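Have a look at the structure below, then the notes.
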């Protein structure tokens, strides 16, 4: 699949994965439109695209604003839909905001796509988080959906909207259920953006990395370059339309990940603390997924060298840290 | 569980199941508040409670109107949440309405319940429709969720909101996944209210009952009295909190059901026709569920004599038909 000369729209394109994807699409020769609402707590960071603003079209717009979004979609060959809010706790304290951003916005976008660029290929960034506590490991796509928070409910809704638009309207839409993703340009400013970014923050600012409980739970994790590659492969494979796929990665315990980051970052302490009550309700135990289905359709594989990739990520952030810490970085 | 003297709120209480439940709660000695928005296409029918209006409190209000809904919930011991829209086709043509009515409204209601009557027991009317085409039969609660339309997405969201409020806030909330339900007071005026009501309409007005395809698909079905009983049992069983249960019933082919109704109604023809294209996309093949989980917790069983129950239902509608046909009956 060549993206050269193609029109690609990236929603949430000022965010972590969105900005990496937009940059890769530029490298591939695509004409890139980035749409981002810069909504608080979603991770948008102007610095992520600051050096390529002369080569992309950047539009600040909310997906629900159909009068503004509609024209941006005219002529689109690809829509990479990465807009959203990922915080679990925020979704409980502000559930209606979560509904608007993670639910309604995507229904609105899809209705516009159906009208404006019905032949476009659409790839939606879903999450493994909607599975809830695993009933078996590794978790595949047939695993029951049992969200542990409001965010998981709405992410599932948005994912299903995409599949229904494929089924009912022939839209070439698919969804990828992402697991913990890390890499350059991720928001480090708050734990809401994921534990890896938060650990990097602690490691590079010399503060203790706190593990809840004994830190023995397993997680799988992906470097953002692998995830970006997965989006391109999904967009290029006709057989993906109407389907949802896990993106799983190499796995390690939370403590192992913390120790690697502490060491790479310069030697911050890693400490074990009691579980905060609110977070315990969101704890899912061990998690790792299977992406065999996606591999069989596209050949995608995650790089197994997570230790090296994490170390390179930490190095990338050195010297750029001020762009990724409060208040500037990662809204 | 005695409901005598208890405060019970029934949302969607002018509808089919809601009105039967409200009447039963009256018989049990409860103080009943019915909330209904009378939103179009939801099946509300003023006639359903016309003869008991002196004994219930009836409030016309939208669940999203928190200023009005909130005070109605003060002192509630039970909230039976049956508000919603069931039409599959309408959810595709008006997805944002469906989101408001079947999604957001329930988040709003739950937030009010949490503030106003956090000790109340809440039972939500969900649907087997969110399973999509069965991967195995009978379908139990562990079956994957794969909605075939927007309605199914939002019903799942609302159901999960209830479970999350149980998990996070200790709300005594549970959900019942209903299958095809029939009986007195159901809306007959349009196929959107379910095939059984529509078949009764055809049978009693002497028009042909149309079966799509060969009519061989199996369905399970419940008389509304059994469903009402299930709501009371769910409300009374502490072990139901935080869980979701199927309500399944006796099963028969669509053709068998049509033939029984045609005969009871007076002999209308039953004809087989081509599948309309739009409906084919919503077809799920055979469906019947298992309610073993609910039976094991509450002892609930559906009456197996569906032929007798259907016949009694048809008799009930004779002489009352004008209240249940357009334009009056079942908004």
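The values are calculated or read from the model by the stated rules, or taken from the named source; none is laboratory data. Predicted model, so just to flag it, every value in this text is computed and none were measured. Cβ coordinates were reconstructed from backbone atoms using ideal geometry, including for glycine residues, and neighbour counts include every protein chain displayed.
Remarks
- Test for residue B:54: is it in the same structural domain as residue B:35 (by TED's automatic domain parsing), more than 16 Å from residue B:176 (Cα to Cα) and buried (at least 17 other Cβ atoms within 10 Å of the Cβ): no
- Matching residues in the range B:169-194 - criterion: being in a helix (DSSP H, G or I) and modelled with pLDDT of 95 or more: B:169
- So residue B:13, is it at positive phi and in a loop (DSSP other than H, G, I, E, B): no
- Any hit, the range B:118-128, residues being more than 20 Å from residue B:290 (Cα to Cα) and out of contact with any helix residue (DSSP H, G or I) (no Cβ under 9 Å at 6 or more places or on another chain): yes
- Residue match in the range B:87-96 (condition: away from chain A (no Cβ under 14 Å) and at pLDDT below 95): yes
- Elements of type strands (runs of 3 or more DSSP E) contained in the range B:232-331, each with 3 or more residues being under 21 Å from the mean Cα position of the chain (by Cα) and either surrounded by 13 or more Cβ atoms within 10 Å (Cβ to Cβ) or not assigned by TED's automatic domain parsing to the domain that holds residue B:20 (or both): B:244-246, B:251-253
- Candidates B:159, B:141, filtered to the one that is modelled with pLDDT of 95 or more, within 20 Å of residue B:230 (Cα to Cα), outside any strand (DSSP E or B) and in contact with a helix residue (DSSP H, G or I) (Cβ under 7 Å, 6 or more places away or on another chain): B:141
- Meets criteria (buried (at least 23 other Cβ atoms within 10 Å of the Cβ) and within 10 Å of another protein chain (Cβ to nearest Cβ)) for residue B:153: yes
- All of B:215, B:194, B:170, B:183 fail the test of being surrounded by fewer than 22 Cβ atoms within 10 Å (Cβ to Cβ), in contact with a helix residue (DSSP H, G or I) (Cβ under 6 Å, 6 or more places away or on another chain) and more than 10 Å from every other protein chain (Cβ to nearest Cβ), apart from B:215.
- Look at (1) farther than 24 Å from residue B:190 by Cα; (2) surrounded by fewer than 24 Cβ atoms within 10 Å (Cβ to Cβ); (3) assigned by TED's automatic domain parsing to the domain that holds residue B:230 and you find that residue B:25 fails only one, number (2).
- Selection status of residue A:113, buried (at least 19 other Cβ atoms within 10 Å of the Cβ) and modelled with pLDDT under 95: no
- Residue A:99 being assigned to a helix (DSSP H, G or I), modelled with pLDDT under 95, touching a helix residue (DSSP H, G or I) at 6+ places or on another chain (Cβ under 9 Å) and within 14 Å of chain B (Cβ to nearest Cβ): no
- The range A:122-145: number of residues that are at the interface with chain B (Cβ under 10 Å from one of its Cβ atoms), out of contact with any strand residue (DSSP E or B) (no Cβ under 8 Å at 6 or more places or on another chain) and farther than 23 Å from residue A:97 by Cβ: 4
- The one condition from (1) closer than 18 Å to residue B:178 by Cβ; (2) within 14 Å of chain A (Cβ to nearest Cβ) that residue B:82 does not meet is (2).
- Residue match in the range A:284-295 (condition: within 24 Å of residue A:88 (Cβ to Cβ) and at pLDDT below 95): yes
- Annotation note: of A:110, A:163, A:63, A:49, the sole residue that is within 11 Å of another protein chain (Cβ to nearest Cβ) and under 20 Å from residue A:8 (Cβ atoms) is A:110.
- Criterion: under 12 Å from the mean Cα position of the chain (by Cα) and more than 16 Å from residue A:84 (Cβ to Cβ) - qualifying residue of A:228, A:196: A:228
- Among the residues of the range A:201-227, those identified as in contact (Cβ under 8 Å) with a residue 60 or more places away in the chain and under 13 Å from residue A:254 (Cα atoms) are A:209, A:210, A:211, A:212, A:213, A:217, A:218, A:219, A:220, A:221.
- For the range A:66-93, residues that are in a loop (DSSP other than H, G, I, E, B) and surrounded by 15 or more Cβ atoms within 10 Å (Cβ to Cβ) total 8.
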